[in-house]
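Sharing a structure here in structure tokens format.
The values are calculated or read from the model by the stated rules, or taken from the named source; none is laboratory data. As the structure is a prediction and not an experimental result, all values here were calculated from the model. All Cβ positions, glycine included, derive from the backbone under ideal geometry; neighbour counts span all protein chains shown.
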Amino acid sequence: MSTPQMLSVRNLSIEFGGVHAVDDVSFDVQPGEVFAIIGPNGAGKSTIFNLISRFYEPTAGSIFYGEHDLLELPAHRIVRMGIGRTFQNIELFEQATVLQNLLVGRHRHMRSNPFREFLFLPGVKKDELVHRRKVEDVIDLLEIARYRDQRISDLPYGARKNVELARALCAEPTLLLLDEPASGLNTEETDDVSFWLEDIKHDLGVTIVMVEHDMNLVARVADRVLAINNGKVIAIGTPDEIRDNVEVQHAYLGAAA
Amino acid sequence: MQYLFKTRYEDDVRFLAKSGEKIRVGLVVLFMLAAPLMLQDYYLAELGLLLVYAIAGIGLMILTGFTGQVSFGHAAFLGIGAYSHSILMARAVPFSLSILITILIAGLVGMIIGRSASKMHGFYLAIATLAFAILIETVFGEWKSLTGGHAGLAVPALKVFGVTLAKVWQQYYVDLVMAGIVIWGASNLFRAPTGRAFIAVRDSELSARSLGVNVEWVKIQAFGVSAAITALAGALLAHQLTFLAPDVFGVLESLKLLLMIVVGGLGSILGAVFGAIFVSVLPVAISFLKDVLPPSIGQKAGLEPLLFGTIIVLFIVFEPLGIYGRWLKLRFFFETFPYYRKASFVRQKSYLKTERMR
């Protein structure tokens, strides 16, 4: 533990009516790395994300972000610490335009005051333009300019996936939790995602934790991998180590393999 | 088809980007300003009432159409507005101050209701707001020293800055100015952070939360703003009614407001205005119809509710987006003529959502 830990999860557990969805899980994420969480369906990967996002209350354990105890914060304060996220089943604001979605992504940096906005005092417009400018940078990065004014409900799946990533980036997070960024995408789109993840890591300096099933993508972008099964950690290491790990192979393929 | 070339970020903040919109809005404003010259007092009063209902509709639209919190009791806020304004005016509080205090009271009550409602969803919220409305109606009936109880309360004459405005056209202009302010202000809200947070809470509380939106506080705000605007409508309505009784603000009135925004088109300011036109014009149209139809049908009791109900059912079945949705299609038809296709508006089914946590 020589390097400073960015995210530090200790002995994290949660039970849903006797089911140990996450059982005594500990791991650390270092600044600047891409950390992948893998495991079979129902292993508890998304549950870990929802615990970090404070949607669930853990039964035991601790989550520290730097020196901040995340368990002391309500869910809407998490992003203010610099932790952004996406969802496995895209959670966009369906009846709003792409631009509106991205501007909600900026909410963390916005002041809101209904009185001021009702009268649209000059300061409101000034702020809007500043945020609009920032949003455009993300639009450029993820190449979604042509969808800018479209409603989410009119967009194809792949585009929605990109918009959700863009929305998370608009918050300018330092840690990004990506829940299956490549699920449902074709090979070409998955390639795009891997390039973007590299860009996000190198150019924006964002640390990434991702849940992903596509092992090629994981091998390509992840620095370290955490494998879990039935809520328990079975291995932690580089992608190659994980691929060769016997327990991981058992978890995926059964003991006979 | 008109393409919009945006060259500055201001273009995204601006209202009325297309030249056609400017002309249309200009024509409507011109007509509204000139209406007293063209219309008889009866129709002018109806037009004033329409404006008041448009304000109330926008109030409810902000809560139900934009924030996704259904309210079956919005007539209560209409009533709070009407009663508190009348009571204040009767105690010689000037009009502008009385309106301000009324808005503040209603906003505060709205926020208190919002505080408890922020933990409820769907049916429970509907029942809670309904119960609130019944409660308020009872208070109006029983607090005799203040409201005059079921005997009613006479509304003081409309007097703005010391000038008594007794003529229909004078009252009409007061309504018009207020409606203008509310439409403008409400639209402002939705090109700014607060309004976007409302929409975010409506479409996905989960991701709103993960982006830093304090969902409970947003709901409290939405209830507050909605109640304040509806109470403003109530205050103006009091001057139209000239006499207040508790049963005016009963459950039926709440339903009328709700039907108004559903028929008008949920999720748009314009929808609330269309809804107000619908509920104001239909009774007039029906009374015309009564004269035309043979007496055996025309004079039957219950013709009006029947037609009202039928039209609402037809809207819900064939045009869930309401009159506003029709309007969008019509506009699209002319803008893209002759390329309009029915399929232009067919929406794909949204994806399965399994991660909802409620």
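Select, from A:Thr238, A:Thr174, the only residue that is surrounded by fewer than 20 Cβ atoms within 10 Å (Cβ to Cβ), in contact with a strand residue (DSSP E or B) (Cβ under 7 Å, 6 or more places away or on another chain) and more than 22 Å from A:Asp140 (Cβ to Cβ).
Details: A:Thr174 fails: more than 22 Å from A:Asp140 (Cβ to Cβ).
Matching residue, one of A:Thr238, A:Thr174: A:Thr238.
Rundown of residues vs (1) of a type in the set (Val, Ile, Thr); (2) surrounded by fewer than 19 Cβ atoms within 10 Å (Cβ to Cβ); (3) touching a residue at least 24 places away in the same chain (Cβ under 8 Å), yes/no style:
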residue: B:Leu78; (1), (2), (3): no, no, yes
residue: B:Leu97; (1), (2), (3): no, yes, no
residue: B:Val109; (1), (2), (3): yes, no, yes
residue: B:Ser116; (1), (2), (3): no, yes, no
residue: B:His121; (1), (2), (3): no, yes, yes
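Here's a follow-up. Please identify the pairs in which a residue from the stretch B:152-178 that is of a type outside the set (D, E, K, R) has its Cβ atom under 6 Å from the Cβ atom of a residue that is surrounded by fewer than 15 Cβ atoms within 10 Å (Cβ to Cβ) and in a loop (DSSP other than H, G, I, E, B), counting only partners at least 6 apart or on another chain.
Within 6 Å, the pairs are B:Val155/B:Thr242; B:Thr164/B:Ala157.
Identify the residue in the stretch A:66-92 that is more than 10 Å from chain B (Cβ to nearest Cβ) and assigned to a loop (DSSP other than H, G, I, E, B) and, among all such residues, is farthest from A:Asp154 (Cα to Cα).
Applying the filter and picking the extreme gives A:Glu67.
Which of the residues that make up the stretch A:148-193 are of a type in the set (Val, Ile, Thr), farther than 28 Å from B:Phe5 by Cα and part of a helix (DSSP H, G or I)?
Narrowing the stretch A:148-193 to residues of a type in the set (Val, Ile, Thr): A:152, A:163, A:174, A:187, A:190, A:193.
In the following step, the residues that additionally are farther than 28 Å from B:Phe5 by Cα were identified as A:174, A:187, A:190, A:193.
Hits for the stretch A:148-193 are A:Thr187, A:Thr190, A:Val193.
Select from the stretch A:105-142 the residues that are in contact (Cβ under 8 Å) with a residue 12 or more places away in the chain and assigned to a loop (DSSP other than H, G, I, E, B) and write down the one among them that is surrounded by the most Cβ atoms within 10 Å (Cβ to Cβ).
Checking each candidate, the answer is A:Met110.
Is it the case that some residue within the stretch A:45-59 is over 17 Å from the mean Cα position of the chain (by Cα) and among the hydrophobic types (A, V, I, L, M, F, W, C)?
The first filter runs over the stretch A:45-59 and keeps only residues over 17 Å from the mean Cα position of the chain (by Cα), leaving A:57-59.
Checking the rest, the ones that are also among the hydrophobic types (A, V, I, L, M, F, W, C) come to none.
Checked against the condition, which is being over 17 Å from the mean Cα position of the chain (by Cα) and among the hydrophobic types (A, V, I, L, M, F, W, C), the stretch A:45-59 yields no hits at all.
Which pairs turn up if I take residues in the stretch A:25-45 that are assigned by TED's automatic domain parsing to the domain that holds A:Ala235 and look for partners that are exposed (fewer than 15 other Cβ atoms within 10 Å of the Cβ) and in a helix (DSSP H, G or I) with beta carbon separation below 7 Å, at least 6 apart in sequence or on another chain?
If the second residue must be exposed (fewer than 15 other Cβ atoms within 10 Å of the Cβ) and in a helix (DSSP H, G or I), the pairs left are A:Pro40/A:Tyr252.
Exactly one condition in (1) in contact with a Phe, Trp or Tyr (Cβ under 6 Å, 6 or more places away or on another chain); (2) buried (at least 17 other Cβ atoms within 10 Å of the Cβ); (3) at pLDDT below 95; (4) away from chain A (no Cβ under 14 Å) is false for B:Thr230; which is it?
(3)
Can you pull out every residue in the stretch B:43-62 that is more than 14 Å from B:Leu78 (Cβ to Cβ) and either surrounded by fewer than 24 Cβ atoms within 10 Å (Cβ to Cβ) or among the small types (Gly, Ala, Ser) (or both)?
Selection gives B:Tyr43, B:Leu44, B:Ala45, B:Glu46, B:Leu47, B:Gly48, B:Leu50.
Could you tell me which numbered condition B:Gly224 fails, if it satisfies all but one of (1) small (Gly, Ala, Ser); (2) modelled with pLDDT under 95; (3) surrounded by 15 or more Cβ atoms within 10 Å (Cβ to Cβ)?
It fails just one condition, (2).
Any residue in the stretch B:65-82 that is at pLDDT below 90 and among the hydroxyl-bearing types (Ser, Thr, Tyr)? Working first, answer last.
Our first condition is that a residue be at pLDDT below 90; within the stretch B:65-82, this holds for none.
Within the stretch B:65-82, none of the residues are at pLDDT below 90 and among the hydroxyl-bearing types (Ser, Thr, Tyr).
Among the numbered criteria (1) within 24 Å of A:Leu169 (Cβ to Cβ); (2) assigned to a helix (DSSP H, G or I); (3) more than 9 Å from every other protein chain (Cβ to nearest Cβ), which one does A:Ile63 miss?
Answer for A:Ile63: the failing condition is (2).
Where residues in the stretch A:93-105 are closer than 19 Å to B:Gly68 by Cα and more than 7 Å from chain B (Cβ to nearest Cβ), which of them is modelled with the lowest pLDDT? Step through it out loud before you land on a result.
Taking the stretch A:93-105 as the starting set, the residues that turn out to be closer than 19 Å to B:Gly68 by Cα are A:93-97, A:100-101, A:104.
Right, trim to more than 7 Å from chain B (Cβ to nearest Cβ) and you get A:97, A:101.
Numbers: A:Thr97: 93, A:Asn101: 96.
The residue in question is A:Thr97.
Further question on the same structure: Which one of A:Asn11, A:Asn50 is under 27 Å from A:His250 (Cβ atoms), at pLDDT 90 or above and within 12 Å of chain B (Cβ to nearest Cβ)? Walk me through it before giving the result.
On the way: A:Asn11 fails: within 12 Å of chain B (Cβ to nearest Cβ).
The conditions single out A:Asn50.
Which helices (runs of 4 or more DSSP H) sit wholly inside the stretch B:34-150 and have at least 2 residues that are in contact with an Asp or Glu (Cβ under 7 Å, 6 or more places away or on another chain) and within 25 Å of B:Gly185 (Cα to Cα)?
Working: elements: B:41-60, B:75-90, B:95-117, B:122-142, B:144-147.
Those helices (runs of 4 or more DSSP H) span B:41-60, B:75-90.
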